[in-house]
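The values are calculated or read from the model by the stated rules, or taken from the named source; none is laboratory data. Note that the structure is a prediction, hence the values are computed from the model and not measured. Methodologically, a virtual Cβ is constructed for each residue, glycine included, from the backbone with ideal geometry; neighbour enumeration extends over all protein chains shown. For the accessible areas, the whole protein counts, side chains as well, though only heavy atoms, and no ligand, DNA or RNA atoms are used. Shrake-Rupley method; radii C 1.70, N 1.55, O 1.52, S 1.80 Å.
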Amino acid sequence: MTDYCSNNLINPDWAKHGYIQVYTGNGKGKTTASLGLAMRALGRCWKVLIIMFMKGGDDYGELNSFRNLSPEIARNLTIIQAGPDRIVYQNNKTDEDTELIKKGWELAKKAIKNDEYNLIILDEANIAIDLGLIDLQEMLDVLKNKPEEMEIVLTGRNARQEIIDIAHLVSEIKPVKHYWDTGIAARKGIEY
């Protein structure tokens, strides 16, 4: 069997610059959009890091899919879960939550500084910033000093204006209608 990435390596034109993308808003699909971008980048043999700041546990369909990628593609992907297995709000965050997210943030900073990946997705980073679990100014400093060719994506509601201001692409996902409003619970394969 031939190695897909060895035979089809399509190096990005790094002279074109890597950008900062933000997917925010109260609608469904921010993480989904970023993971679609990850799949696209992996299909071009990019090295991809995904850090899931607010998502612990193992019951996510996307994690199952990523675990079953071909070995040739999977070796270019690193996923780090740096959050608790529950929803964190301002009034229920714990010291353990803070430590988990801090460890993930330290790994993200190291990967960015060492220019280890072509694409880094900081899933739910906007929420971690909003809850004070990642320092806004530190995030801004890291983003402003990222390697020129690296693409970085931040997802999550409540993106701070300062993040929006330095980003090159910002998509706000707004809810128009959602079946949750009729009492339908989250569904495996669609919401997780």
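Remarks
- For L154, neighbours were defined as the other residues whose beta-carbon sits under 15 Å from its Cβ, and their charges (Lys and Arg +1, Asp and Glu -1) total -3.
- Span-rule helices in the chain, defined as complete DSSP H runs reaching 18 Å or more along the axis (Cα) with Kyte mean at least 0.5: 30-43
- Largest accessible area first, the listed residues R75, R40 line up as R40, R75 when surface is computed with a 1.4 Å probe on the assembled protein chains.
- Taking Cα centre as origin and charging only the Cβ of basic (Lys, Arg, +1) and acidic (Asp, Glu, -1) residues, the dipole magnitude of the chain rounds to 460 debye.
- With DNA, RNA and ligands ignored, accessible area of E96 (1.4 Å probe; Å², nearest 10): 130
- Set K93/K174; K146/K177; K109/K177; K103/K174; K110/K174 screened for pairs whose C-alpha atoms are more than 29 Å apart: K146/K177; K109/K177; K103/K174; K110/K174
- The chain: translational diffusion in µm²/s, Stokes-Einstein, Kirkwood Rh over Cα pairs, 25 °C, 0.890 mPa s: 141
- Heavy atoms of the protein chains alone define the surface here; on that basis the chain has 55 Å² accessible area per residue at 1.4 Å probe size.
- Rounded percent of accessible protein surface that carbon and sulfur make up, the stretch 52-179, 1.4 Å probe: 47
- Using θ = phi - 60° and Karplus 6.51 cos²θ - 1.76 cosθ + 1.60, couplings along the stretch 159-170 (whole Hz; Gly, Pro as x): 4, 5, 4, 4, 5, 4, 5, 8, 6, 9, 9, 10
- Most positive-pole-ward Cα, G83, G57, N68, against dipole of the stretch 41-93 from beta carbon charges: G83
- Dipole of the stretch 56-192, positive end: most advanced residue of N145, H178, G132 [Cβ charges, Cα centre]: H178
- Accessible surface of V176, taken over heavy atoms with a 1.4 Å probe and every protein chain present, rounds to 140 Å².
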